[in-house]
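Asker: Would you mind keeping the following structure in view while I ask a few things?
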Amino acid sequence: MPVRFAHESEAHLAAFFDFYGIVWQYEPVEFVLAWDAEGRAASAFRPDFYLPEHDLFVELTTLRQDLVTRKHAKIRRLAELYPAVRVQMLHRRDYTNLLLKQRLAAASAVPRVATRSA
């Protein structure tokens, strides 16, 4: 079943995981971070990816700094409420480095054709 990513960068990260044979799930869990007076979820956080073989959630952010700051606050709150849950935040520079590594790895996998001189 095709996955509908919220952002193109998430599709690129999924392709990176696929390239390296890393099993992933897209936004499989939502963690409630705060409740209202009636006990309903008032704030929640859904990390972008879960890597089940590593028991690790990955949150990718390539957005503006003010949004990154809010994501960091949510990850801190998640750590308070769910201390056993591991989340790794990937920032724009991390994402760019991964894409570069993927391109280099893909380029090195292309067989080179040698020509024999007579």
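Derivation of every value follows stated rules applied to the coordinates shown; laboratory data play no part. All of these numbers come straight from a predicted model, not from anything done at the bench. All Cβ positions, glycine included, derive from the backbone under ideal geometry; neighbour counts span all protein chains shown.
Asker: Given R₀ = 25 Å, FRET efficiency for Glu30-Arg92 by Cβ-Cβ distance, to 0.05?
Answerer: Computed FRET efficiency for Glu30 and Arg92 comes out at 0.55.
Asker: Could you give the length gained on full extension between Ala6 and Ile22, defined as 0.36 nm per residue of separation minus the Cα-Cα distance, in nm?
Answerer: 3.7 nm
Asker: Among Leu67, Phe57, Leu98, whose Cα projects farthest towards the positive end of the dipole of the stretch 53-100, with charges put on the beta-carbon of Lys, Arg (+1) and Asp, Glu (-1)?
Answerer: So the residue furthest toward the plus end is Leu67.
Asker: Taking K and R as +1 and D and E as -1, what net charge do the other residues with C-beta under 11 Å from the C-beta of Leu33 add up to?
Answerer: +2
Asker: Give me Glu80, Glu10 ranked fewest to most by other Cβ atoms within 10 Å of their Cβ, as a rough exposure proxy.
Answerer: Least crowded to most crowded, the residues run Glu80, Glu10.
Asker: What is the local net charge at Phe5, summed over the other residues whose Cβ is closer than 15 Å to its Cβ (Lys, Arg +1; Asp, Glu -1)?
Answerer: Result for the local shell: -4.
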